[in-house]
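The values are calculated or read from the model by the stated rules, or taken from the named source; none is laboratory data. Since the model is a prediction, treat every value here as computed from it, not as a measurement. Here the Cβ positions follow ideal geometry from the backbone for every residue, glycine too, while neighbour counts run over all protein chains shown.
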Amino acid sequence: MLTLDLLGIVVFAVSGGLLAVRNQLDIVGVVVLAMVTGLGGGVIRDVIIGADPAAFADWRYLLAPAVAGLVTFLWHPAVGRFERSINVFDAFGLGLFAVAGAVKAYDAGLGLLASAVLGAVTAVGGGVLRDVLADRVPVVLRDGELYAIPAIAGATVAVLGKELDLAPVVVTLTGAGLTIGWRLLALRRGWVAPRPRTSPPPP
Amino acid sequence: MLTLDLLGIVVFAVSGGLLAVRNQLDIVGVVVLAMVTGLGGGVIRDVIIGADPAAFADWRYLLAPAVAGLVTFLWHPAVGRFERSINVFDAFGLGLFAVAGAVKAYDAGLGLLASAVLGAVTAVGGGVLRDVLADRVPVVLRDGELYAIPAIAGATVAVLGKELDLAPVVVTLTGAGLTIGWRLLALRRGWVAPRPRTSPPPP
Amino acid sequence: MLTLDLLGIVVFAVSGGLLAVRNQLDIVGVVVLAMVTGLGGGVIRDVIIGADPAAFADWRYLLAPAVAGLVTFLWHPAVGRFERSINVFDAFGLGLFAVAGAVKAYDAGLGLLASAVLGAVTAVGGGVLRDVLADRVPVVLRDGELYAIPAIAGATVAVLGKELDLAPVVVTLTGAGLTIGWRLLALRRGWVAPRPRTSPPPP
């Protein structure tokens, strides 16, 4: 489980590091964006549920995205070439984080809706912080990609599974499976999230 | 009280949803900006005072701004037409949130100044997060509108009322009344907050 | 110690106030940016380690940066003229905050790496929030200045000193001394942090 967690963190961290390199940030920016993208969603969740942030409780959680950021800083042309395959790994990170976040919130005593929302926050929160630090509107809010919707769907399924007292492995597989499968299909088929139909009147 | 709270949340949420529609965000962006604007100020306050965020303790607090966001997404031309009257409701939300936030902080044992500041944070924090996510300087910091100043004034009056052991209804009416009255007068008469007199030397 | 703390807060607050004046924010923006810059790093640290934020526990911590912001608002041409010397005081604030943050995290039971990271977060977090509110990429992430690196170096030295059970005064002097000395030398000699070598392929 720790291995899966670290893998998800590293994949997210690489996306943060690559954005930092593209935006011409310096070495501090690349490492910080990598760490924030990899760990931010879980930290927001833990701060909201009042738990000690897992990211600061085990040094491997801090070291993994920092090293991923350094590697991206040093060898970004090579790392960038893997970006298409990173999208696939990213879908796995999305599904795992959505389920892990929702389950942790549920186990902390939060309600069904709150737990599902916090699962989605865990999955997309790091990317939102990354984009805020890079001074752009978070892509998850504007690009019309099916990214947050599969995440909250998987988190919801996981929370319902917990409520029905299903075995943890079933909860994880159905929840993360839904998120990952939907996300990968959306990537392959170009499915998009709806946008507002027409422009509203000016303010 | 819950009804008033939910009304304030929904009014704030509509302002977040309309900004998202104007900025061409997708459905995720509209719903997220609505939720963040409606709930963000209270969440920041609760995280700072170490309380379980009220927004995640009752599913109605999460559902109300999400539905407001969806309605704004679907029928934004109609919603946008109500914007001028929304400004009036917004003043009520501002006053109620400033007082509720200050009282909650005071009851949690914080000092007078800290409670007043957290009242203002409760009232304007959601709008600040909305603008950060929409990638613009928060309007409350730059437009010269009398918005945060009435909020902190009302929060201060509420905190002083608590310190003097006045009845809760008196505290709420005087504090929220000051904020709402001042804000509505500022809107009607075009009162503004001061700006720096001249430009400073370049950095 | 309180005096040193307040001095660091005020120096950071002035940098926030000056940025707000330069960006034509109104009086609310100048005071808020001053308070956020002076107090933000410590608040982030305290929220993450689960402590009551020190900034809200003593009214002097709130009043000092608010007054610094007001003074900057009123007399920014005079304040701006001191900016070069402010850079020197800023280096002292950086060193003191890095060590104080790292020691507080260590005393709260966090590990070595987590404490060093939180020391750096304490030192640079306020400036990051300032820049996010001013709608720009945080300078600490992009300018190639040696700012965060001396901070995390000093925080690391302080944490190692704690681990070796050195006397508090030794911990503070070596940690803060390293940060301050390195930062001042970097300012004087124009030392910079590395940047990515070439642009990566477009996304």
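Within the range A:16-28, residues that are surrounded by fewer than 24 Cβ atoms within 10 Å (Cβ to Cβ) sit with their Cβ atoms under 6 Å from residues that are hydrophobic (A, V, I, L, M, F, W, C) and outside any loop (DSSP other than H, G, I, E, B), at 6+ positions apart or across chains, in these pairs: A:Ile27/A:Phe73.
Scanning the range A:97-109 for residues that are in contact (Cβ under 8 Å) with a residue 60 or more places away in the chain and surrounded by fewer than 24 Cβ atoms within 10 Å (Cβ to Cβ) gives a single hit, A:Val103.
Taking the conditions (1) outside any loop (DSSP other than H, G, I, E, B); (2) free of Cβ contacts under 8 Å to residues at least 12 places away in the same chain; (3) within 9 Å of chain C (Cβ to nearest Cβ) in turn, B:Thr198 satisfies each one other than (1).
The rows are residues; the columns are (1) crowded, with 24+ Cβ neighbours inside 10 Å; (2) of a type in the set (D, E, K, R); (3) more than 12 Å from every other protein chain (Cβ to nearest Cβ); (4) without any contact (Cβ under 8 Å) to a residue 40 or more places away in the chain.
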residue	(1), (2), (3), (4)
C:Leu118	yes, no, no, no
C:Thr122	yes, no, yes, no
C:Val137	no, no, no, yes
C:Leu178	no, no, yes, no
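Residues in the range A:130-157 that are under 16 Å from B:Gly29 (Cβ atoms) and hydrophobic (A, V, I, L, M, F, W, C): A:Val132, A:Val137, A:Val139, A:Val140, A:Leu141, A:Leu146, A:Ala148, A:Ile149, A:Ala151, A:Ile152.
For the range C:141-156, which positions are surrounded by fewer than 24 Cβ atoms within 10 Å (Cβ to Cβ) and without any contact (Cβ under 8 Å) to a residue 24 or more places away in the chain? If the condition is that a residue be surrounded by fewer than 24 Cβ atoms within 10 Å (Cβ to Cβ) and without any contact (Cβ under 8 Å) to a residue 24 or more places away in the chain, then C:Arg142, C:Asp143 are the ones that fit. Here is a check on your reading of the model: is B:Asp46 within 9 Å of chain A (Cβ to nearest Cβ) and in a loop (DSSP other than H, G, I, E, B)? Answer is no for this residue. Among the residues here, C:Arg60 does not qualify as in contact with a helix residue (DSSP H, G or I) (Cβ under 7 Å, 6 or more places away or on another chain) and crowded, with 24+ Cβ neighbours inside 10 Å. Of B:Asp52, B:Asp5, which residue is buried (at least 19 other Cβ atoms within 10 Å of the Cβ) and either within 7 Å of another protein chain (Cβ to nearest Cβ) or out of contact with any helix residue (DSSP H, G or I) (no Cβ under 6 Å at 6 or more places or on another chain) (or both)? It is B:Asp5. Among the residues in the range C:136-150, are any in a helix (DSSP H, G or I), within 24 Å of C:Thr3 (Cα to Cα) and of a type outside the set (A, V, I, L, M)? Yes, because at least one residue in the range C:136-150 is in a helix (DSSP H, G or I), within 24 Å of C:Thr3 (Cα to Cα) and of a type outside the set (A, V, I, L, M). Here A:Val128 fulfils each of the conditions (1) in contact with a helix residue (DSSP H, G or I) (Cβ under 6 Å, 6 or more places away or on another chain); (2) modelled with pLDDT of 95 or more; (3) within 11 Å of chain B (Cβ to nearest Cβ) apart from (1). You will find that of B:Thr37, B:Thr72, the residue that is more than 8 Å from every other protein chain (Cβ to nearest Cβ) and either aromatic (Phe, Trp, Tyr) or under 14 Å from the mean Cα position of the chain (by Cα) (or both) is B:Thr37 and no other. Kindly indicate whether A:Ser85 is assigned to a helix (DSSP H, G or I), closer than 18 Å to A:Thr179 by Cα and facing another protein chain (nearest Cβ under 10 Å). Against the criterion (assigned to a helix (DSSP H, G or I), closer than 18 Å to A:Thr179 by Cα and facing another protein chain (nearest Cβ under 10 Å)), A:Ser85 does not qualify.
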